[in-house]
Amino acid sequence: MERWEQLTDEQLIENINAGETLCMDVLIERYKRQVRNQARPLYLIGGDSDDLIQEGMLGLFKAIRDYRPDKSDSFEAFASLCISRQLYSAIQAAGRLKHAPLNSYVELSPELGEQADGLKGRSPEELLIDQENIRSLQEEILKAATPLEQKILEAYLNGQSYTEIAQRLGKEPKSIDNALQRIRRKLNLILFRKN
């Protein structure tokens, strides 16, 4: 992992795109403090600071996924923009009554707040087990979801609004909201069984 820490953000992105998953951990560790700093002064109706940090981390993941060096000056600037957009989108959605169910989502990484020092001190075995657990959880969610729910979840995780998803799939926005609520319930059951 040390050899990756010497690389620039842009070099890490190249390695991630080439399939080197450890580079993702380095970038997340590098930007975790920035996510916290951007989330700290904000307030989420019906949520807490951990909810905002989780939203900021989603923004960071989207930045890692979508960064193109030929279209942006630096990854740092792009990541900051993606994190801010995700945070403000979550705040706006929480402020709308029709999105009230979003305020009761299940946190996928409850230990995020507990790991203020990041991944340092964790053994490679622990990191590997965590990665396998995440893959296992993703597979269980996909097995439990219907094909329509899978499409809706993928679109939602890609940042599409209820209206955009509804238009794309030829459904009503309320149907999209209902499907996401079913997915959350299924996720809660999966997490409850694991505990």
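Cβ-Cβ contacts under 7 Å between residues 6 or more apart (or on different chains), taken from a first residue in the range 5-21 that is under 13 Å from Asp66 (Cα atoms) to a second residue that is surrounded by 15 or more Cβ atoms within 10 Å (Cβ to Cβ), are listed as Glu10/Phe75; Ile13/Ile64; Ile13/Tyr67; Ile13/Phe75; Ile16/Cys23; Ile16/Met24; Ile16/Ile64.
Looking across Ile190, Ile165, Ile183, one residue alone is under 19 Å from the mean Cα position of the chain (by Cα), of a type outside the set (Gly, Ala, Ser), modelled with pLDDT of 90 or more and assigned to a helix (DSSP H, G or I). It is Ile165. When Gln160, Gln150 are screened for being surrounded by 15 or more Cβ atoms within 10 Å (Cβ to Cβ), outside any helix (DSSP H, G or I), of a type outside the set (A, V, I, L, M, F, W, C) and under 19 Å from the mean Cα position of the chain (by Cα), only Gln160 passes. Does the range 36-58 include one or more residues that are in the same structural domain as Arg85 (by TED's automatic domain parsing), farther than 18 Å from Ala90 by Cβ and of a type in the set (D, E, K, R)? No, the range 36-58 contains no residue that is in the same structural domain as Arg85 (by TED's automatic domain parsing), farther than 18 Å from Ala90 by Cβ and of a type in the set (D, E, K, R). Counted as qualifying within the range 1-102 are the helices (runs of 4 or more DSSP H) with 2 or more residues that are closer than 23 Å to Leu180 by Cα and either at pLDDT 85 or above or among the aromatic types (Phe, Trp, Tyr) (or both), namely 49-66, 75-95.
Filtered by the rule that a residue be part of a loop (DSSP other than H, G, I, E, B) and under 26 Å from Asp66 (Cβ atoms), the range 135-147 gives a lone residue, Ala145.
The values are calculated or read from the model by the stated rules, or taken from the named source; none is laboratory data. Everything numeric in this text was worked out from a predicted model, so none of it was measured. Neighbour counts run over all protein chains shown; Cβ positions are idealised from the backbone, glycine included.
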